[in-house]
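The values are calculated or read from the model by the stated rules, or taken from the named source; none is laboratory data. Computed from a prediction, not measured in an experiment: that's the story for all the values here. All Cβ positions, glycine included, derive from the backbone under ideal geometry; neighbour counts span all protein chains shown.
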């Protein structure tokens, strides 16, 4: 059995301060999603997030963001469904210059639908089985991926390239 250093959990390669900020950001984005959905509906939630801040979240990778969100969701006061979780994860990634897309897929018979996040064609917040078994209905924010610096995307998401 591998011993862990105190104060760190599996999937958290970052300092306690970074983890706290990521968790706070995840909680804020969950709340923000609920507020926007309540007042503006799905059209408001689907709006493209603003671009990343200069040097925002340097060195923070997509798996750490997904882990922060997974750690905060049990403490959220209402159930978090796949669409909310995926939009929040993608917004957090895009704020840190990770070119994330929300993908909504479905199976016609028997009907089933699900949402997940892809970075570079790889599922980062869920099982890749959904990508293979469901038909894509829509990709949110797919048309502005060239906005991101391709070199930065490659460096920050090098570990995701291995899923292909």
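Some notes on this structure:
- Filtered residue count, the stretch 78-123, keeping only those that are touching a helix residue (DSSP H, G or I) at 6+ places or on another chain (Cβ under 7 Å), assigned to a loop (DSSP other than H, G, I, E, B) and over 20 Å from residue 30 (Cβ atoms): 3
- Of the residues making up the stretch 9-26, just one is at pLDDT 70 or above, in contact with a helix residue (DSSP H, G or I) (Cβ under 6 Å, 6 or more places away or on another chain) and either surrounded by fewer than 18 Cβ atoms within 10 Å (Cβ to Cβ) or at positive phi (or both), namely 23.
- For the stretch 35-70, residues that are buried (at least 17 other Cβ atoms within 10 Å of the Cβ) and modelled with pLDDT of 90 or more total 6.
- When the stretch 82-130 is filtered for residues that are farther than 21 Å from residue 21 by Cβ, touching a residue at least 12 places away in the same chain (Cβ under 8 Å) and out of contact with any strand residue (DSSP E or B) (no Cβ under 8 Å at 6 or more places or on another chain), the ones remaining, listed by number, are 120, 121, 122.
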